[in-house]
Amino acid sequence: MIELKDNIVVNYDGTFYKCPGFIGHPELSVGNLKSGLEDYSVSHNLEIWKKEECLDCEYLPICFGGCRYMKLMRDGKIDGVDCRKAYLDAVLEDCIKQEIKYNLVS
Ligand code: SF4
């Protein structure tokens, strides 16, 4: 959601966030219904995946630097990617097989 330009979460009080996980973190709000959308490119580290490691990674189209919320929870800040390459290497084949199996059944 962070990297997709047209995705916004509107909280009950009209505050905008780029991710539902960021609700409750006012420092990560990106505007509100009254004043409009603010620039969040620096605060949310947009395009943090534009580095050699990610640009060479086969998972980039499904990852784009991973989940900023998980990075925030783990490290207290979103100053880097949430890399799941090892996890994806381990489970992707089985996930695809499972998807094929159960989608063919349904
Ligand atoms: S899996 Fe890791 S290296 Fe690959 S695009 Fe995601 S963050 Fe970058």
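The values are calculated or read from the model by the stated rules, or taken from the named source; none is laboratory data. Keep in mind that what you see is a predicted model, and the values were worked out from it rather than measured. No Cβ is skipped: glycine too gets one built from the backbone with ideal geometry, and neighbour counts run over all protein chains shown. Please note that ligands, DNA and RNA were not included when accessible areas were found on the heavy atoms of the full protein model with its side chains. Shrake-Rupley method; radii C 1.70, N 1.55, O 1.52, S 1.80 Å.
Test each condition in (1) at pLDDT below 90; (2) within 14 Å of the ligand (Cβ to nearest atom) for K77 and report the one that comes out false.
Evaluating K77 over (1) at pLDDT below 90; (2) within 14 Å of the ligand (Cβ to nearest atom) leaves (2) as the failure.
For the condition within 14 Å of the ligand (Cβ to nearest atom), free of Cβ contacts under 8 Å to residues at least 40 places away in the same chain and open to solvent by less than 50 Å² (accessible area, probe 1.4 Å), what is the one hit in G14, G66? It would help to see each step written out before you state the result.
Working: G14 fails: within 14 Å of the ligand (Cβ to nearest atom).
Criteria check complete, one pass: G66.
Looking for whichever is at pLDDT 90 or above and open to solvent by 40 Å² or more (accessible area, probe 1.4 Å) here; the options are Y59, Y87. Which one fits? Please lay out each step first, then the result.
Working: Y59 fails: open to solvent by 40 Å² or more (accessible area, probe 1.4 Å).
Exactly one residue qualifies, and that residue is Y87.
D94 - would you say it is within 12 Å of the ligand (Cβ to nearest atom), farther than 21 Å from I2 by Cα and not aliphatic (A, V, I, L, M)?
Details: within 12 Å of the ligand (Cβ to nearest atom): no; farther than 21 Å from I2 by Cα: yes; not aliphatic (A, V, I, L, M): yes.
So D94 does not fit the description; no.
So, in segment 17-31, how many residues would count as being within 16 Å of the chain's Cα centre (by Cα) and part of a strand (DSSP E or B)? Please lay out each step first, then the result.
So in segment 17-31, the residues within 16 Å of the chain's Cα centre (by Cα) come out as 17-23, 25, 28-30.
With the extra rule that they be part of a strand (DSSP E or B), the set shrinks to 17.
Adding up the residues that qualify gives 1.
Conditions (1) within 26 Å of Y17 (Cβ to Cβ); (2) assigned by TED's automatic domain parsing to the domain that holds F22; (3) hydroxyl-bearing (S, T, Y); (4) in a helix (DSSP H, G or I), marked per residue:
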| position | (1), (2), (3), (4) |
| --- | --- |
| E53 | no, no, no, yes |
| K71 | yes, no, no, yes |
| K77 | yes, no, no, no |
| A90 | no, no, no, yes |
| D94 | no, no, no, yes |
| N103 | no, no, no, yes |
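I'm checking my understanding of the structure. Among residues of segment 17-63 that are within 14 Å of the ligand (Cβ to nearest atom) and acidic (D, E), which one is farthest from K85 (Cα to Cα)?
In this case the residue turns out to be E47.
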